[in-house]
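Report on the structure given below.
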Amino acid sequence: MVMGPVGIGFPTSTSGVTTISGCDLLVGLSKFINDYWEDTTTSAGSATFNTLVDTSLSRFGDDQIIDFYVRITGAGNLQYEVRRITQFVSSTGTVFVDPPFSEQVPTSLDYQIHRYDPSLKFQCLDEARLRDDVFEHAFRLIYDDTSTSDGLSDWYDINPDIRSGPMYIFVEDPQSVNTDWNVLSNPVGDSLTNWTATNTTATIVNESNIDRLIPKYDTSCMKLATAASTTGTLAQTVGSMSITASEAAGRRMTFGMWVYTKDTSGVKIQLTDDDGDTPSSLHGGTGWELLTVEKNISPTNATTLTATLIVAGGTTGATAFFNRAWLYYGESNLIQDVYPWREAHLIRRDATTQKVQLSWIPTNGRQIRMVGRQYLSELGSVASTQCTNTMELDEGTAQILYGAAAEILYEREGLTTEEFESIARRIQIIDRKKDATKAWGYIIPQIPTIRSPYQ
């Protein structure tokens with residue numbers, strides 16, 4: 001689960017994070033270093049596939065763009081192909097490349113011209129995100145809710161996706177299911193009443209000091225065991241709920257359920273109305289996870305409203321446990337963001353240990369939310385995907401990335417001091433603006449004062 005804590009300036013969901021695509025980052029870096037030309041071919045290239053024609057290029061001299069690179073951006077088989085320019089005829093706007101393109105370049109095809117290899121620019125962008133001076137200002141926030149207290153230990157593993165921190169730790173405050181706004185019957189899952197199991201064996205598991213994690217909150221919960229190559233379901237239909245199907249028509253509803261499983265391939269929940277099914281994302285197989293799904297109920301809904309837990313057996317079978325469920329009008333944040341208790345903690349991270357120690361032992365069954373930092377997402381080296389891959393940046397923080405990537409690019413290319421001068425001043429300006437740029441992105445978590453020498 002990747003959700004954000006409430007009340008400290010973090011987003012409550014990763015879905016609202018601003019991102020920039022790899023293609024846009026390539027353009028941004030190119031403009032940052034004044035190395036960018038984009039236009040459209042005015043006629044078809046040669047049948048030998050080694051030319052591109054655009055009369056607007058006549059603004060350049062015959063030798064001005066030799067050894068530059070052409071990158072095709074228009075849709076089609078040639079998209080994202082990059083070729084070096086070996087000859088240029090200014091009078092006709094004809095660019096000769098080597099090696100030839102994979103097919104003839106048509107007319108009205110979008111392209112770019114770069115002084116520096118676009119593939120190298122992508123590499124520099126990926127390398128820049130790993131630099132300490134960039135990571136300090138431009139990063140991904142990681143929200144990890146996968147740890148569950150057993151009521152005995154105050155030490156917890158740090159998710160390896162959290163590279164820096166965790167800076168904040170929160171402890172869950174359980175949300176009651178016995179509320180007026182929860183329309184489900186028997187939402188605790190401590191009996192089979194009002195729930196129908198199909199193609200799966202449903203039993204009740206009682207609280208025991210031997211097993212400190214199941215049930216999660218209550219004295220008992222439901223266990224579902226599905227055989228291999230079988231999809232089992234546990235469902236509650238509208239006839240058992242405190243509303244009718246027609247009363248839900250035209251309303252936005254959320255179905256949520258705490259589910260424990262170690263299966264990573266086939267456990268989810270779904271909400272069904274007259275128009276069909278809307279499933280949640282798959283369970284991550286990490287233990288207790290709050291699955292949620294939101295659905296706009298059909299305006300003409302009259303007969304159907306069903307909340308379902310799906311446990312697909314796969315090749316070896318699957319087991320899942322259910323403890324507390326909700327179905328209500330409104331958004332999922334009502335049950336997702338119940339993490340009010342901020343914890344002081346001690347971090348121990350070295351070559352062999354990746355642990356965090358809380359200042360007290362939470363009650364068993366409580367989720368532990370860790371908030372830390374990770375590098376920006378990688379664009380990668382595959383041309384077909386590096387353009388659509390994204391980094392978690394806005395236009396402000398992207399300037400920091402461009403400055404670092406430009407420095408790496410010029411180091412790679414072995415530019416002279418004179419050549420570097422034109423961009424060096426711009427990089428210096430970006431460096432001076434780094435503190436101000438923080439305000440354009442996330443509120444940056446600060447390292448807690450309680451920490452060990454292992455930090």
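The values are calculated or read from the model by the stated rules, or taken from the named source; none is laboratory data. If you're wondering where the values come from, they're calculated on a predicted model, not measured in any experiment. Every residue, glycine among them, receives a Cβ derived from its backbone with ideal geometry; neighbour counts consider all protein chains shown.
Structure above, values below:
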item	result
Hits in segment 117-146 - residues which are in contact with a Leu (Cβ under 8 Å, 6 or more places away or on another chain) and among the basic types (K, R)	K121, R129, R140
Qualifying residue in segment 167-187 (condition: under 26 Å from the mean Cα position of the chain (by Cα), surrounded by fewer than 20 Cβ atoms within 10 Å (Cβ to Cβ) and in a strand (DSSP E or B))	yes
Residues of segment 27-59 that turn out to be out of contact with any strand residue (DSSP E or B) (no Cβ under 6 Å at 6 or more places or on another chain), under 22 Å from P99 (Cα atoms) and of a type in the set (F, W, Y), as a count	2
Every residue from segment 281-300 that is polar (S, T, N, Q), over 15 Å from T264 (Cα atoms) and in contact with a Lys or Arg (Cβ under 9 Å, 6 or more places away or on another chain)	N296
Among (1) farther than 24 Å from A128 by Cβ; (2) surrounded by 15 or more Cβ atoms within 10 Å (Cβ to Cβ); (3) modelled with pLDDT of 95 or more - the single one R71 does not satisfy	(1)
Scope segment 113-157; condition aliphatic (A, V, I, L, M) and more than 22 Å from K355 (Cα to Cα); matching residues	I113, L120, L125, A128, L130, V134, A138
Residue check, L224 at pLDDT below 95 and over 24 Å from the mean Cα position of the chain (by Cα)	no
I243, sole failed condition from (1) within 31 Å of the chain's Cα centre (by Cα); (2) assigned to a loop (DSSP other than H, G, I, E, B)	(1)
Hits in segment 246-260 - residues which are surrounded by fewer than 22 Cβ atoms within 10 Å (Cβ to Cβ) and within 22 Å of the chain's Cα centre (by Cα)	T254
In segment 316-368, the residues that are among the basic types (K, R) and under 19 Å from V259 (Cα atoms)	R324, R366
Qualifying positions in segment 370-411 - within 18 Å of T19 (Cβ to Cβ) and of a type in the set (G, A, S)	S377, G380, G396, A398, A405
Output for segment 309-326, where each listed residue is more than 26 Å from the chain's Cα centre (by Cα), outside any loop (DSSP other than H, G, I, E, B) and crowded, with 18+ Cβ neighbours inside 10 Å	A318, F321, F322, N323, R324
Residue in segment 78-89 that is loosely packed, with under 14 Cβ neighbours inside 10 Å, in a loop (DSSP other than H, G, I, E, B) and not assigned by TED's automatic domain parsing to the domain that holds M391 present	no
Every residue from segment 262-288 that is touching a residue at least 60 places away in the same chain (Cβ under 8 Å) and surrounded by 22 or more Cβ atoms within 10 Å (Cβ to Cβ)	W288
Test set (1) among the charged types (D, E, K, R); (2) modelled with pLDDT of 95 or more; (3) part of a loop (DSSP other than H, G, I, E, B) - E331 fails condition number	(2)
Subset of segment 24-63 [touching a residue at least 40 places away in the same chain (Cβ under 8 Å), part of a loop (DSSP other than H, G, I, E, B) and more than 32 Å from the chain's Cα centre (by Cα)]	T41, T42, A44, G45, S46, A47, T48, F49, N50, D54
Every residue from segment 114-137 that is of a type in the set (A, V, I, L, M, F, W, C) and surrounded by fewer than 21 Cβ atoms within 10 Å (Cβ to Cβ)	L120, L130, F135
Those residues of segment 188-197 which are polar (S, T, N, Q), in a loop (DSSP other than H, G, I, E, B) and touching a strand residue (DSSP E or B) at 6+ places or on another chain (Cβ under 9 Å), in sequence order	S191, N194
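Conditions (1) surrounded by 20 or more Cβ atoms within 10 Å (Cβ to Cβ); (2) not assigned by TED's automatic domain parsing to the domain that holds G28, marked per residue:
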site	(1), (2)
P106	no, yes
D110	no, yes
F139	yes, no
Y143	yes, no
S147	yes, no
L152	no, no
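Residue-by-condition table, conditions (1) hydroxyl-bearing (S, T, Y); (2) farther than 23 Å from L29 by Cβ; (3) touching a Pro at 6+ places or on another chain (Cβ under 6 Å):
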| position | (1), (2), (3) |
| --- | --- |
| A351 | no, yes, no |
| W360 | no, yes, no |
| T363 | yes, yes, no |
| Q367 | no, yes, no |
| Y375 | yes, no, no |
| E378 | no, no, no |
| S381 | yes, no, no |
| T388 | yes, no, no |
| M391 | no, no, no |
